[in-house]
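**Student:** The structure's right below; bear with me while I get my questions together.
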Amino acid sequence: MSLENVQVHLKKWNREKDIQVFQTSSATVLEAAETLGVQPERIAKTLSFRKEDDAILIVTAGDAKIDNRKFKQTFAEKARMLAPEEVLEKTGHAVGGVCPFGLVENLPVYMDESLKRFTTVFPACGSSNSAIELTNEELYIYGNAVDWVDVCKGWE
């Protein structure tokens, strides 16, 4: 159902047919990169964090890691990832297919600066074997992002 939610969501921009569904897994950055034949850093991974009593999503480049100090400076809270069952409950997507599209709850989405070095990136589309190629502007718009943030390390 999650892939279908994303298809419905992307239909607003006539992009639902651009979703690629694979026979192999794209659940991890390395699997997605191998399946797509691209560098792992071009995989746009969506991470789910606790924020006060709710959740936020941060989309980062595949090679970026959350910097706890930067996260706390930006969000005034310690970085605490959601448990897999909470991710499914809040987003409607299981871990391995999480993306900012077709969410079951209206969660704030932030895009990390680590993505800006690429012309296009590949986020998942709600399943562990799907992706779509988007520009950062498209990802920002389709994902209803609220802002760009600098909360990662390891990619510079």
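**Student:** For region 11-154, what is the accessible area per residue in Å², given a 1.4 Å probe and the full set of protein chains?
**Tutor:** 49 Å²
**Student:** Next question, about the same structure. Would you mind calculating the gained length between residue 89 and residue 148 on full extension (0.36 nm times residue separation, minus the Cα-Cα distance), in nm to one decimal?
**Tutor:** Contour length minus Cα-Cα distance gives 18.7 nm.
**Student:** Suppose R0 equals 22 Å; then what is the FRET efficiency for residue 104 and residue 52 from their Cβ-Cβ distance, rounded to the nearest 0.05?
**Tutor:** 0.70
**Student:** Given R₀ = 35 Å, what would the calculated FRET efficiency be for residue 77 paired with residue 23, taking r from the Cβ atoms and rounding to 0.05?
**Tutor:** So, using R0 = 35 Å, E works out to roughly 0.30.
**Student:** Mean residue ellipticity at 222 nm from the helices of the chain, using -39,500 (n - 2.57) per DSSP H segment of n ≥ 4 over the full residue count, to the nearest 500 deg cm²/dmol?
**Tutor:** One gets -7000 deg cm²/dmol as the mean residue ellipticity at 222 nm.
**Student:** Quick check: at a probe of 1.4 Å, how many percent of the accessible area of region 87-155 sits on carbon and sulfur atoms?
**Tutor:** Roughly 48 percent of what the probe reaches on region 87-155 is carbon or sulfur.
**Student:** Moving to a separate point now. In square angstrom, rounded to the nearest 10, how much accessible surface does residue 82 have for a 1.4 Å probe?
**Tutor:** 20 Å²
**Student:** Which net charge results when you count Lys and Arg as +1 and Asp and Glu as -1 among the other residues whose beta-carbon is under 9 Å from that of residue 71?
**Tutor:** Taking every Cβ under 9 Å from that of residue 71, the sum is +2.
**Student:** Another one. Could you pull out every one of the lysines with an alpha carbon less than 27 Å from that of residue 11, ignoring same-chain neighbours closer than 8 positions?
**Tutor:** Output for residue 11: 45, 90, 116.
**Student:** So how far, in whole Å, is the C-alpha centre of region 102-152 from the one of region 1-34?
**Tutor:** Between the Cα centre of region 102-152 and that of region 1-34, the gap is 13 Å.
**Student:** Please work out how much accessible surface residue 122 shows to a 1.4 Å probe, ignoring ligands, DNA and RNA, in Å² rounded to 10.
**Tutor:** Accessible area, nearest 10 Å²: 10 Å².
The values are calculated or read from the model by the stated rules, or taken from the named source; none is laboratory data. Fair warning: this is a prediction, and the values are worked out from it, not measured in the lab. Quick reminder, even Gly has a Cβ in these numbers, built from the backbone with ideal geometry, and neighbours come from all protein chains shown. What goes into the accessible areas is simple: the full protein's heavy atoms, side chains included, and nothing from ligands, DNA or RNA. Shrake-Rupley method; radii C 1.70, N 1.55, O 1.52, S 1.80 Å.
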